[in-house]
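Step one of this worksheet: look at the structure below.
Just so it is clear, none of the values below were taken in a lab; they were calculated from the coordinates. Note that this is a predicted model, so its numbers are computed, not measured. Cβ coordinates were reconstructed from backbone atoms using ideal geometry, including for glycine residues, and neighbour counts include every protein chain displayed.
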Amino acid sequence: MTATTTTTIIEGARYARHGRPFWRRALLRPESVIVLAIVVLLLIGTFAIPFFAQAYTYQTMILNAGPVLLMLLPVTLVIVTSDIDLSVGSILGFSSALFGLSYQAGVPLWLAAVIGVLAGAFVGVLNGVLVTAIGLPSLAVTIGTLALFRGIAVGLLGTTSITKFPPEIPRFLSSPMWGLPFPPVTIAIVVLAILFGVLLHFTPFGRGIFAIGLSIENAAFSGVAVNRTRFILFVLSGIIAGATGVYFTLQYSNAIGTNGFGFELQVVTAIVLGGVSIWGGKGTLFGALAGGLLIAALNKTLQLAGIGSDTISIVTGVALIFSVVVASIAGFISRRRRSKASALVAAGA
Amino acid sequence: MSVTHTVAPVEAGRSWFQKLVRARESSLVVLIILLVAVTAAIQPSFIFSDGGWRELLRQPTILILISIGEAIVIITRNIDLSVGSILCLSTYAAGTLFANVPGIPIILVVLVGMLLGAFLGLINGLLVAFLRVPSLVITLGTLYAYRGIAILWIGPHFIRSSWLPADFRALGTMPFLGIPVLLWVVLIVVLLVGWFMTSRRSGRDLYALGSNPEAATLFGLSERRLILGAFTASGALAGLAGLAYLAIFATGDAQVGTGYELQAVAAAVVGGVAIVGGSGSIWGVALGAFFLATISNALPVLGVPSLWQQALVGLFIVGAIMLDRILFISRIRRAKREGSAK
C-alpha cells in the first residue's frame with residue numbers, strides 16, 4: 001500500500017514536471033522564440049525588402065554586430081551569477097586607446113595588441129577586487145569604472161584619433177572568408193561561444209555559476225568558491241572586452257576615445273532579450289547569443305528598409321521591455337500551473 | 001528610524017557635533033569650499049565677477065534636480081536610467097510650446113514639462129511595480145525608447161533661443177533678492193523633497209521599502225504604491241530639469257541629456273545614497289550634484305583639460321562607494337566591540 005502511494009506521488013510529480021512532450025517544451029523555450037523571430041525577420045526582409053537577399057547583407061550584419069556579440073559571451077556568465085558588468089563598453093574604449101597610442105609610439109603591432117588585452121584584464125581585475133574582496137555591489141562598481149575608464153580613454157586621446165594602421169588588416173577583417181558571407185570575426189565568435197557555452201553548461205565551474213545566481217549563501221555552503229568564481233568572471237569579461245577593443249580598432253582602423261560608447265547597454269539588452277534572468281541563476285549562452293543576433297537582424301532589416309537608424313533605439317528599447325514583460329507573464333502562468341499540479345498531486349496522495 | 005539605519009544604536013550615542021563631523025554632507029561642503037577656494041585663488045573671476053558666482057551656482061541646477069529624483073528611486077532599491085531621455089523630451093516639448101503658443105504663461109509650460117516627465121516616470125513605475133521586472137532592465141528599455149521617440153519627433157531640428165520669451169530666458173539670471181529665480185526654485189524643491197523624505201510618513205516608507213522590502217511588505221506598506229510614487233517623482237523632477245536646461249542654455253536638440261543618467265547616479269552615490277537602497281539624504285545628494293558639476297566647471301581653470309572630467313567623475317564614484325563600505329565595516333566592528341564590552 002505504501003509502495004503504491006509512493007509510486008503515485010513520484011508518477012504525479014514526474015507528470016507535473018515533464019507534463020508536455022519534449023518537442024513542445026523545446027519550442028516553448030525563450031531561445032526557440034528568439035530563433036523563430038530571427039527567421040521570420042530574415043524571411044520578411046528577403047521577400048519584402050529589395051537587395052536584402054544577398055551575401056553582403058549577412059556579411060555586414062555580422063561585421064556590425066561582431067563586437068557586441070563577442071562581449072556578451074562573458075557578460076552572460078557574469079549576469080547568471082546575478083552580478084552585472086556595465087563597464088565593457090568603456091573597457092573597449094580604454095583598450096582601443098592604449099592599443100592605438102602604443103602602436104603610434106612605435107611598439108610592434110602584436111605587442112600593442114597584447115597591451116590592449118592586458119588593459120582590459122586590468123580593469124576586469126579591478127572590478128573583481130572591488131566586488132569580491134571589498135564586497136561592493138557590482139552595479140555601483142561597474143557604473144564607476146564605466147565612467148572612469150571612458151574618461152581615461154577620452155582624456156588620453158583627446159579629440160585626436162589614430163588611424164595609421166596597416167591597411168591590409170581592416171581589409172582582411174571586413175572581407176568574406178572563403179567565399180562564404182561571413183567575416184573572419186565569425187570564427188572568433190563561434191569558438192568563444194562554444195568555449196563559454198561548455199564552461200557555463202557542462203562543467204562544475206558552470207554549475208557553480210548557476211548556484212551562485214540562485215542563492216549566494218547556498219552556493220557557499222555547498223562548497224562553491226563563490227568569490228573566486230565571481231572574480232574569474234569579471235577578469236574574463238575584461239579580457240574579452242579588451243580583445244574586442246583591439247579588434248574594433250583594427251576593423252575600423254580608428255582609435256578614438258569614444259570607441260564602444262554605449263555598447264554596455266546593447267550587450268545587456270541582447271542578453272536579457274535572450275531569456276537570461278537579470279536576477280541570475282537562469283538562462284543559456286545560446287539564448288544570449290540569439291538575442292544579440294536578433295538585435296543585429298533588426299538593425300539590418302530596419303536599415304535596409306530605409307526606416308533609418310533613428311528608430312532602432314525605439315525598437316531596441318521596446319523589444320527589451322517586451323521580452324521581460326513576456327518572461328514575467330510566462331513565469332506567472334507556469335507558477336500557477338505548477339502550483340495547481342502540485343495541489344493535484346497532494347490531493348491524489 | 002531604526003528601520004533605515006541598521007546600526008542606529010551606535011549613532012544615537014554620539015553628540016550632535018560628532019554627527020555633524022561624520023556626516024557626508026559636512027565633508028562635501030568642505031570639499032566644495034576647498035574646490036571653489038583653490039579655483040578662485042588661481043582665477044579670481046571664477047567667483048569674484050558679475051557672471052562668475054552666478055554661473056557657479058546656476059550650472060549645477062540641472063544635475064541637482066535629476067539627481068534628487070534619481071536618489072528617491074535608488075532609496076527604494078531601484079534605479080532609473082531613463083532620466084536623461086525624459087529631460088530631452090521635456091526640454092523640446094517646452095520649447096515647441098513656447099514657439100507655437102505665443103504668450104503662454106511660463107508657469108503653465110513648467111507644469112506641462114513636469115507633467116510630461118511624471119507621465120513618462122509613471123510608465124516606468126507601472127512596468128516595474130506590476131510586472132515585478134527589475135527596474136534596471138525596464139528603465140534601460142525606456143532609456144532607448146524615450147530617446148528614440150525624441151529622435152523621431154525632433155529629428156535634425158533644434159530649439160532656437162528666439163522661440164523663448166525673454167522672461168523665461170531671464171529666469172537663470174534675473175535676480176530676486178540678489179539670487180537668480182532659477183536658484184530659488186531649485187532651492188525650494190530641494191528643501192521640499194528633503195523635508196518630505198525625512199519628515200513625512202510616505203518618505204520614511206520609501207526608506208523602509210529600500211532597506212528591507214520583505215519586512216516593509218509584512219509591515220503593511222504597499223510596495224506598488226511606493227514604487228509608482230518614486231518613479232513618478234523622478235520623472236517629474238527630470239521634467240523640471242528639462243525646463244532648467246532650457247532656461248540656462250536656451251537651446252536643445254534630440255541629444256540633450258545623453259549620459260545624464262550616469263551623472264545622476266554618480267551624484268546620488270557621491271552624496272551618500274547607498275546603491276542597495278534604504279539610506280542617504282536628499283541634502284547630501286544635492287551637495288553631491290553641486291560638487292560634481294562644479295568640478296567640471298573648475299577643471300579648465302585648474303589647468304586640467306576638460307576631457308579628463310569624466311575620468312574624475314568615475315574616480316569619485318568608485319571612491320565614494322569604497323568610502324561608504326569602509327565606514328560601514330568600521331561602524332559594524334565598533335558596534336560589535338561595544339556590544340561585547342557591555
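Treating only the Cα positions of chain B as identical point scatterers, give the base-10 log of I(q)/I(0) from the Debye formula at each q in 0.13, 0.14 Å⁻¹. Ignoring solvent entirely, the Cα scatterers give -1.02, -1.16.
What are the equivalent ellipsoid semi-axes of the protein assembly as shown, built from the alpha-carbon gyration tensor (square roots of five times its eigenvalues), in whole angstrom, biggest first? Mind showing how you got there, number by number?
Details: eigenvalues 324, 229, 149 Å².
Listed largest to smallest, the semi-axes of the protein assembly as shown are 40, 34, 27 Å.
The alpha carbons of the stretch A:3-348 stretch over 79, 55, 35 Å along the principal axes, in descending order. With an a/c value of 1.5 or above and a/b not larger than b/c for the gyration tensor axes a ≥ b ≥ c computed over the alpha-carbon atoms, the stretch A:175-334 is described as oblate. Ellipsoid fit via the Cα gyration tensor, the stretch B:55-135: semi-axes of 27, 17, 9 Å, each the root of five times an eigenvalue, largest first. If only the Cβ of Lys and Arg carry +1 and only the Cβ of Asp and Glu carry -1, the dipole of the stretch B:2-341 around its Cα centre is close to 880 debye.
Against chain A, whose longest principal axis is taken from its Cα atoms, helix A:263-273 shows a tilt of about 20°. Each Lys and Arg contributes +1 and each Asp and Glu -1, all at the Cβ; summed about the Cα centre of the stretch B:114-271, the dipole is approximately 180 debye.
Using a simple charge model, +1 on the beta-carbon of Lys and Arg, -1 on the beta-carbon of Asp and Glu, nothing else, what dipole does the protein assembly as shown show about its Cα centre, in debye to the nearest 20? Could the numbers behind the result be given before it?
Working: 42 positive and 22 negative charges, 396 e Å.
The calculation lands at about 1900 debye.
Fewest neighbouring Cβ atoms within 10 Å first, the residues B:ILE123, B:ILE75 line up as B:ILE123, B:ILE75.
Within the straight-line cut-off of under 13 Å between alpha carbons, the aspartates and glutamates reachable from A:LYS282 are A:GLU31, A:ASP83, sequence neighbours fewer than 8 places apart in one chain being disregarded.
Treating each Cα of the stretch A:250-301 as an identical point scatterer and ignoring solvent, apply the Debye formula and state log10 I(q)/I(0) at q = 0.20 Å⁻¹. Debye curve over Cα of the stretch A:250-301, log10 I(q)/I(0) at q = 0.20 Å⁻¹: -0.75.
Exposure proxy for B:ARG201, B:ARG331: other Cβ atoms within 10 Å of each Cβ, ordered fewest to most, give B:ARG201, B:ARG331.
As a length-normalised measure over Cα pairs under 8 Å and 6 or more apart, the relative contact order of the stretch B:2-341 settles at 33 percent.
Select from B:GLY155, A:LEU273, A:SER334 the residue farthest towards the positive end of the dipole of the protein assembly as shown; place +1 on Cβ of Lys and Arg, -1 on Cβ of Asp and Glu, and compute about the Cα centre. Result: A:SER334.
Just want the ordering: A:LYS300, A:LYS340, from fewest to most Cβ atoms lying within 10 Å of their own Cβ. Write out the running numbers ahead of the final one.
Values: A:LYS300 22, A:LYS340 11.
Placing the least packed residue first, the sequence is A:LYS340, A:LYS300.
Dividing the alpha-carbon radius of gyration of the stretch A:153-270 by the rule-of-thumb value 2.2 N^0.38 Å gives 1.38.
For chain A, modelled as a GNM whose springs connect Cα atoms under 10 angstrom apart, the maximal fluctuation among A:LEU98, A:LEU265, A:LEU195 occurs at A:LEU195. Rounded to the nearest 10 degrees, the inclination of helix B:61-75 to the longest alpha-carbon principal axis of chain B is 40 degrees. The orientation-averaged shadow of the Cα convex hull for the stretch B:93-186, equal to a quarter of the hull surface, comes to 7.8 nm².
Give the residue from A:PHE322, A:ASN254, A:ILE79 lying farthest towards the positive end of the charge dipole for the stretch A:3-348; charges sit on Cβ (+1 for Lys and Arg, -1 for Asp and Glu) and the dipole is referred to the Cα centre. Positive-most Cα among the choices belongs to A:PHE322.
Between the helical axis of B:309-341 and the longest alpha-carbon principal axis of chain B there is an angle of about 20 degrees. Stokes-Einstein diffusion of the stretch B:173-213 at 25 °C, 0.890 mPa s viscosity, Kirkwood radius from Cα pairs, rounded to a whole number: 209 µm²/s.
Indicate the gyration tensor shape class of the stretch A:203-280 (rounded, prolate or oblate), computed on the Cα atoms with a ≥ b ≥ c the square roots of the eigenvalues: a/c under 1.5 is rounded; otherwise a/b larger than b/c is prolate and the rest oblate.
Details: a/c = 3.44, a/b = 2.09, b/c = 1.64.
The shape class here is prolate.
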